[in-house]
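Some notes on the structure that comes next.
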Amino acid sequence: MAWMDKENLTVIKEFILMGITDRPELQAPFFGLFLIIYMISVVGNLGMIILTKMDSRLKTPMYFFLRHLAFTDLGYSTSVGPKMLVNFEENQNTIPYNWCAIQLAFFIMFIVSELFILSAMTYDRYVAVCNPLLYKVIMSQTVCWGLVIVPYPYSAFLSLLTTIKIFISSFCGYNVISHFYCDSLPLLILLCSSALDVELIVLIGSALTLVSSFLVVLVSYMSILATILRMNSAAGRYKAFSTCGSHLIVVFVLYGTLFFMYVQPKSSHSFDTDKMASVFYTVVIPMLNPLIYSLRNKEVKGALQRILKNLSDIPI
């Protein structure tokens, strides 16, 4: 019996992804829709990275953080998007065992980094609204680099810890993942050995990351709101709020879906509901971020116009 159990633990060489839908008539429309969304995401985020590097007027802390936000958006959407698109065209959606581990590791690393960069952006807005006279002193280049460099090693550590703990555990012969990419929660269901320690790592790591970064966002915005309410000028209040409104909406939508996904017991999950939430934060939000934060911004539009004008002036 022990020999048979050992055999059962070594048969998995690939996983089958259930995908977003099992209805054949929806495969082609979904492929077209998500291809457009992913292309907008790639173009928008790459454009934001290039613009903030090339244009000297976009060298403020806000655009520094936006560049790193675009990088993380591009990272975690690319870890999921291309494989999801390929799966719409395949009869059986499979992913090799090692590629599943790689996809999970990169996804966790980029999504965790994004949360801390969003909280750094919130702190930047807090300083801009609440301490405008000291803004350049407080948000120095050293501070800005510290706020983005520190999260990367932490996110890499959490990513490797979670991925290694899951993939050194024992999988049974069942290899169907009830999701459209390799995520930690659906993989925990497939573990044949006790998953309590792995589940605790996922739960504690997710909770610490979400709660700590969300507290920064919450405290910063409470201070921003208090400062705005104390302003005498309606125009001043509108200007202060307009600098934070779009960021606030996306932050709460992203944190809301992630809290819903990861900070609850495994037994409480409905994977159909989880898939819909996952589609939103893995595919839609990376497309919305450059549109909301960048393409609606007058300074970014001006930078784009200057670059296009310079390119048109180059003699052929």
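The values are calculated or read from the model by the stated rules, or taken from the named source; none is laboratory data. Here the structure is a predicted model, which means the values were calculated and not measured. We place every Cβ from the backbone using ideal geometry, glycine too, and count neighbours over all the protein chains shown. Just the protein is used for accessible areas: all its heavy atoms, side chains included, with ligands, DNA and RNA removed. Shrake-Rupley method; radii C 1.70, N 1.55, O 1.52, S 1.80 Å.
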**Report entry** Residue check for residue 286: surrounded by 11 or more Cβ atoms within 10 Å (Cβ to Cβ), touching a Gly at 6+ places or on another chain (Cβ under 8 Å) and at pLDDT 70 or above
**Finding:** no
Query raised in the report: Taking residue 133, is it assigned to a helix (DSSP H, G or I), open to solvent by less than 20 Å² (accessible area, probe 1.4 Å) and at pLDDT below 90?
Result: no
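Of everything in the range 218-244, what is in a loop (DSSP other than H, G, I, E, B) and more than 10 Å from residue 129 (Cβ to Cβ)? Give them in sequence order.
Filtering the range 218-244 for residues in a loop (DSSP other than H, G, I, E, B) gives 231-233.
If the condition is that a residue be in a loop (DSSP other than H, G, I, E, B) and more than 10 Å from residue 129 (Cβ to Cβ), then 232, 233 are the ones that fit.
Which residue, of 198, 211, is assigned to a helix (DSSP H, G or I), open to solvent by less than 60 Å² (accessible area, probe 1.4 Å) and either at pLDDT 80 or above or in contact with a Leu (Cβ under 6 Å, 6 or more places away or on another chain) (or both)?
198
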Query raised in the report: What is the residue count in the range 170-208 for residues that are under 17 Å from the mean Cα position of the chain (by Cα) and of a type in the set (A, V, I, L, M, F, W, C)?
Result: 6
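Might you let me know whether the range 166-178 holds any residue that is in a helix (DSSP H, G or I), open to solvent by 20 Å² or more (accessible area, probe 1.4 Å) and more than 30 Å from residue 226 (Cα to Cα)?
There is at least one residue in the range 166-178 that is in a helix (DSSP H, G or I), open to solvent by 20 Å² or more (accessible area, probe 1.4 Å) and more than 30 Å from residue 226 (Cα to Cα).
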Report task. Spot the failing condition for residue 188; the list is (1) crowded, with 20+ Cβ neighbours inside 10 Å; (2) aliphatic (A, V, I, L, M); (3) closer than 13 Å to residue 202 by Cβ, and only one is missed. Result -> (1)
Query raised in the report: From the residues in the range 136-153 that are aliphatic (A, V, I, L, M) and not in a helix (DSSP H, G or I), which one is nearest to the chain's Cα centre (by Cα)?
Result: 150
Requested in this report: Check every one of the helices (runs of 4 or more DSSP H) wholly within the range 2-121 and list those with 2 or more residues that are open to solvent by 50 Å² or more (accessible area, probe 1.4 Å), touching a residue at least 40 places away in the same chain (Cβ under 8 Å) and within 20 Å of residue 283 (Cα to Cα).
Outcome: 24-54
